[in-house]
Amino acid sequence: MKNLLIVLTLILLISCNSNSVKKDTQQEGITILEDGAKVENAVEEVPEKVEDAVESVEETKETNVIPEEYEDIFEPTPFIAKILDQLGVSSRQVYEQFIVQKVMPYDTSSTIVVIPTVASQEYDWEVYVLNSYVLVVDSETAEIKQQFYEKNNWYSDAIEIQEIAIDTANYTVAEGKRAFGIIVYYIGSSRPNPMNSKTLSLFIQEENALVRILDAFEMQSFGGEWDVKCTGEFIQVDKILVMDTHQYNGFYDIKVRIETTNIESFEKGEDDCEEKKTIRKSEKLLRYYGSYHLHNKTYSLETKSSCGLEIKLEGDQYYLKTNKREHAGTFVIKDGYITFKELFADNPKREVQGSYSENEIVIQNYGNAMNEFTVFEECDLKYLRLVLED
């Protein structure tokens, strides 16, 4: 890849610059259903080169910093103003950069609207948190039909929110129920560790409310580490959702087709870089358990241990085993932590908890002289890092 150095340098300059990067979201890809029919899908084609996975500068945008003398400059359109009036929200509370709206292609009398409001901000808007309003309103009168609200839903810090978009692909999740999506794009600011990602949340309309049935599922990611010159390693993951015909709890399963590309870049001569790619394909399943979750996620220890700890998650159920115990029950995920209900540590007897992300679970297995505890006596590692199996 002859231009890797130039392109990666560009993204680093972009992420360190006060200007934002604009991503083209007008094109939606195609997903093939099991019966062969084509439907729209928001997943983009897999980039052929690393540089295609890196955001390019298409248009200069203003910084998020709002000088005091211009804090009142936002004047909502009459349509948005009517919505804010119904919500009881002042225009000064709104983060106007990420307001988006789109008429439903399958029901033109309705319009989807996303209105973020500022929950908090620090360091001259380098760090901020947004509350989210997702609404379906009358396309003519702006009268709210259904709404979803979540406090402190979107965080922008070292991993910056780049854009929020509406996805109206054909997500028919149940008989007579079609979902729409909210996409959030992120870009990192680290020079030696560039990254970007895209998450998808799905919503369905009920009589008086919007219900989120898929929460911030990561659809695309690109990241890695390099020497800020040429040599480095990167991982790119692209996912495509395919609606299945099998139902569970009244909702169709969703197949997740995954392509993982490992990329190694290295110097070739004095002024050129070259890359080596390894592509691996896999498939997972999203199943409806009150909302969509990955079906049968299995986590195993990254570092080998004689205790053989393994955890399986299915819906809201967990199945845990070591070389000395087996236990099953329900789990709760909140604020980045997973709690295994009715599973008690060896000393003292308290419910086992660990940090959680989609790809890993980390449990501190024992403490120190100032804070003595032991979770699993049969495990000899202080930190039990379990990673998601492919």
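A few notes on this one:
- So Ile187, is it crowded, with 16+ Cβ neighbours inside 10 Å and within 22 Å of Ala81 (Cα to Cα): no
- Among the residues of the stretch 136-164, those that are assigned to a strand (DSSP E or B), out of contact with any Leu (no Cβ under 7 Å at 6 or more places or on another chain) and within 21 Å of Lys82 (Cα to Cα) comprise Val137, Asp138, Lys145, Tyr149, Glu150.
- Whichever residue in the stretch 264-313 is part of a loop (DSSP other than H, G, I, E, B) and of a type in the set (Lys, Arg) and, among such residues, is surrounded by the most Cβ atoms within 10 Å (Cβ to Cβ): Lys268
- Residue check for Tyr155: in contact with a strand residue (DSSP E or B) (Cβ under 9 Å, 6 or more places away or on another chain), free of Cβ contacts under 8 Å to residues at least 24 places away in the same chain and assigned by TED's automatic domain parsing to the domain that holds Val103: no
- When the residues of the stretch 120-134 are filtered to those that are over 20 Å from the mean Cα position of the chain (by Cα) and of a type outside the set (D, E, K, R), the one that is surrounded by the fewest Cβ atoms within 10 Å (Cβ to Cβ) is Tyr123.
- Residues (in a strand (DSSP E or B) and surrounded by fewer than 16 Cβ atoms within 10 Å (Cβ to Cβ)) located in the stretch 219-236: Glu225, Glu233, Ile235
- Hits in the stretch 314-364 - residues which are basic (Lys, Arg) and either in a strand (DSSP E or B) or touching a Ser or Thr at 6+ places or on another chain (Cβ under 9 Å) (or both): Lys321, Lys334, Lys341
Quick grid of which residues meet (1) acidic (Asp, Glu); (2) out of contact with any strand residue (DSSP E or B) (no Cβ under 6 Å at 6 or more places or on another chain); (3) in contact (Cβ under 8 Å) with a residue 40 or more places away in the chain:
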residue	(1), (2), (3)
Met219	no, no, yes
Gly223	no, no, no
Asp227	yes, yes, no
Asp238	yes, no, yes
Leu241	no, no, yes
Asp244	yes, no, yes
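- Residue match in the stretch 167-178 (condition: under 17 Å from Ser132 (Cα atoms), assigned to a strand (DSSP E or B), of a type outside the set (A, V, I, L, M, F, W, C) and touching a strand residue (DSSP E or B) at 6+ places or on another chain (Cβ under 6 Å)): yes
- Scanning the stretch 364-381 for residues that are under 23 Å from Thr298 (Cβ atoms) and either free of Cβ contacts under 8 Å to residues at least 24 places away in the same chain or of a type in the set (A, V, I, L, M, F, W, C) (or both) turns up Gln364, Asn365, Val375, Phe376, Cys379, Leu381.
- Per-region count, the stretch 196-214, residues in contact with a Ser or Thr (Cβ under 7 Å, 6 or more places away or on another chain) and modelled with pLDDT under 95: 0
- Checklist (1) more than 19 Å from Leu388 (Cα to Cα); (2) surrounded by 15 or more Cβ atoms within 10 Å (Cβ to Cβ) applied to Lys324, failing item: (2)
The values are calculated or read from the model by the stated rules, or taken from the named source; none is laboratory data. In this text the structure is predicted, and so the values were computed from the model without any measurement. Using ideal geometry, Cβ is built from the backbone for each residue, glycine included, and neighbour counts are taken over all protein chains shown.
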